[in-house]
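Here the structure comes first, spelled out in structure tokens, and everything after it is commentary.
The values are calculated or read from the model by the stated rules, or taken from the named source; none is laboratory data. Note that the coordinates shown come from a computational prediction; the quantities given were computed from them, not determined experimentally. Methodologically, a virtual Cβ is constructed for each residue, glycine included, from the backbone with ideal geometry; neighbour enumeration extends over all protein chains shown.
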Amino acid sequence: MDPTQPFNEYEFPLDSNWEIPREQLDLGSTLGEGAFGRVVMAEADGKLLGPSDTNERIVAVKMVKEEHTDADMASLVREMEVMKLIGKHKNIINMLGCCTQNGPLWVIVEYAPHGNLKDFLREHRPRGQQRRSESDGYLDDKASQQHFGEKELTGFAYQIARGMEYLASRRCIHRDLAARNILVGDGYVMKIADFGLARDIQDTEYYRKNTNGRLPIKWMAPESLQEKFYDSQSDVWSYGVLLWEIMTYGDQPYPQIMSAEELYSYLITGQRMDKPNQCSINIYIVMRQCWHFDACARPTFTELVDNLEGILKQAS
Ligand code: ACK
């Protein structure tokens with residue numbers, strides 16, 4: 001199906017490889033709302049019929065909001081088709097099936113019980129480090145018993161590199177790799193989310209603050225800021241910023257920088273973020289490699305997987 005063509009949103013071709021009977025799903029609370037749609041938790045009665053070989057009972061259902069536009073619907077259809085094509089990997093949010101017939105379009109994906117990685121890290125800051133955030137002013141007061149030290153954090157980074165290596169091998173460019181777009185699954189398995197989202201990078205809104213008042217530009221490679229150019233190597237730059245977020249338990253990058261222009265001149269003059277306090281020099285070297293101005297000089301995701309594997313082995 002060509003999602004750029006107009007179509008009747010109430011009539012989708014049946015894809016028996018993916019279709020799940022709608023009656024099997026009991027919708028629950030809303031997990032979140034993005035710009036394009038809504039994600040709702042759902043319980044499956046028994047093993048999900050249809051294509052998925054999963055035993056999961058709790059799933060997440062992506063849908064458009066009531067007040068959606070045709071473009072929102074086309075975006076969800078496109079996301080669903082991308083997820084079908086990409087295939088499964090442990091470190092991505094996998095599609096489990098869809099409900100396309102006799103009702104609204106539901107895209108069923110794995111449910112990640114621990115939410116997004118940014119909030120997760122902030123909630124698991126070591127005691128004494130919970131502090132009022134510079135950007136959004138809330139106090140991280142959910143001090144948890146579970147302690148994640150540098151080794152565990154490196155393990156998280158390694159899993160995300162594995163997921164990105166897979167996506168890059170499937171020719172998928174994420175374009176918005178950041179801790180807010182990583183979900184934390186059962187057993188603290190890192191899962192890359194929203195990789196199938198179409199991002200309209202020509203749209204100037206894209207460079208404005210998101211709903212949390214955060215600037216997505218802070219994850220962007222210089223060539224993306226300057227020329228709107230994206231490839232897997234610009235994802236590697238973003239991965240470096242994500243690695244910095246992990247090692248700071250979810251700090252806001254470049255807190256002093258307020259605009260894309262300011263960020264670009266900061267970067268082109270060779271300035272980079274400092275080494276976070278609780279971060280070994282080896283991990284900081286990886287970050288700095290991701291932040292080479294020259295995209296070709298950055299490691300590939302495969303090299304990042306190898307590097308981090310080496311660092312993890314040394315730590316054990
Ligand atoms: O950051 P959050 O709390 O976690 O808010 C977003 C929101 O829905 C919009 O994307 C949450 N969310 C999205 N997909 C899933 C999922 N598969 N499992 C759990 N939460 C999800 C996400």
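In the range 98-122, the residues that are under 22 Å from Thr248 (Cα atoms) form Cβ pairs under 8 Å with partners that are away from the ligand (no atom under 12 Å from the Cβ) and among the hydroxyl-bearing types (Ser, Thr, Tyr), at six or more places apart or across chains, as follows: His114/Tyr188; Leu121/Tyr249; Arg122/Ser133; Arg122/Tyr249. Taking each residue of the range 172-198 that is closer than 13 Å to Ile93 by Cα and looking for partners that are within 11 Å of the ligand (Cβ to nearest atom) and among the basic types (Lys, Arg) with beta-carbon atoms closer than 7 Å, six or more apart or interchain, yields Ile182/Lys191; Leu183/Lys191; Gly185/Lys191.
Of everything listed in (1) modelled with pLDDT of 95 or more; (2) within 14 Å of the ligand (Cβ to nearest atom); (3) within 27 Å of Tyr158 (Cα to Cα), the single unmet condition for Lys84 is (2). Does at least one position in the range 3-19 carry a residue that is under 28 Å from Arg180 (Cβ atoms), surrounded by 12 or more Cβ atoms within 10 Å (Cβ to Cβ) and at pLDDT 90 or above? Within the range 3-19, one or more residues are under 28 Å from Arg180 (Cβ atoms), surrounded by 12 or more Cβ atoms within 10 Å (Cβ to Cβ) and at pLDDT 90 or above. For the residues His124, His89, His114, the requirement of being within 14 Å of the ligand (Cβ to nearest atom) and modelled with pLDDT of 95 or more singles out His114.
So, in the range 58-85, how many residues would count as being in contact (Cβ under 8 Å) with a residue 12 or more places away in the chain and not in a helix (DSSP H, G or I)?
Counting residues in the range 58-85 that are in contact (Cβ under 8 Å) with a residue 12 or more places away in the chain and not in a helix (DSSP H, G or I) gives 9.
For the range 67-99, a residue qualifies if it is charged (D, E, K, R) and touching a strand residue (DSSP E or B) at 6+ places or on another chain (Cβ under 9 Å), and the qualifying residues are Asp72, Glu79, Lys84, Lys88, Lys90.
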